[in-house]
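The values are calculated or read from the model by the stated rules, or taken from the named source; none is laboratory data. Predicted, not measured: the structure shown is a model, and the values here were computed from it. Note that each Cβ is placed from the backbone with ideal geometry, even for glycine, and that neighbours are counted across all protein chains shown. Heads up: the accessible areas ignore ligands, DNA and RNA and are worked out on the full protein's heavy atoms, side chains in. Shrake-Rupley method; radii C 1.70, N 1.55, O 1.52, S 1.80 Å.
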Amino acid sequence: MEAKKTAETEDPKARRSFDSAYGFSFSIAIGLALFITGLVISLTIGEGTNTGLIFGIPLLLAGLIVPIFMMRGLFKTNEIKAPCPGCGASIKTSDATLQLKCSSCQRVINVRDEKLVLAD
Ligand SMILES: [Zn+2]
């Protein structure tokens, strides 16, 4: 009974970390692609003029900035503020939390899909 509960609460966490790992390498790949494109453009098209730099430099910068913004969104957690399903006391947590204990009634609460659910 208790073991089954634990297995259920672990599923969303595993899915979440997989998404994070995938998004992480994806944003690195995009940043690298932009960076290399910018580098190639500024080195080849330029040839003494500023044309290559005008197009190349923004791409280089985008290659550095885009992954940072993508990763920031990736690790952002939503704040949850909801009444305790057991006693109604206001609880503040984040969707990164899987399980918590109510400070008022000491009951264990699962966090599922940004909602608070009593563990038993
Ligand atoms: Zn409570």
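Screening the candidates Thr77, Thr37 for the property of being away from the ligand (no atom under 16 Å from the Cβ), outside any helix (DSSP H, G or I) and at pLDDT below 90 yields one hit, Thr77.
Evaluated against (1) under 24 Å from Val40 (Cα atoms); (2) under 18 Å from the mean Cα position of the chain (by Cα); (3) without any contact (Cβ under 8 Å) to a residue 24 or more places away in the chain, Gly56 falls short on exactly one condition, (2).
Say whether the condition of being surrounded by 13 or more Cβ atoms within 10 Å (Cβ to Cβ), over 21 Å from Ala21 (Cβ atoms) and within 16 Å of the ligand (Cβ to nearest atom) is met by at least one residue in the range 45-62. For the range 45-62, residues surrounded by 13 or more Cβ atoms within 10 Å (Cβ to Cβ), over 21 Å from Ala21 (Cβ atoms) and within 16 Å of the ligand (Cβ to nearest atom): absent. Being within 15 Å of the ligand (Cβ to nearest atom) and either free of Cβ contacts under 8 Å to residues at least 12 places away in the same chain or open to solvent by less than 30 Å² (accessible area, probe 1.4 Å) (or both) is the filter here, so list the residues in the range 99-120 that pass it. Hits for the range 99-120 are Leu100, Lys101, Cys102, Gln106, Ile109, Asn110, Val111, Leu116, Ala119. For the range 80-98: of the residues being surrounded by 14 or more Cβ atoms within 10 Å (Cβ to Cβ) and modelled with pLDDT of 90 or more, which is farthest from the chain's Cα centre (by Cα)? Checked the range 80-98; the qualifying residue farthest from the chain's Cα centre (by Cα) is Gly86.
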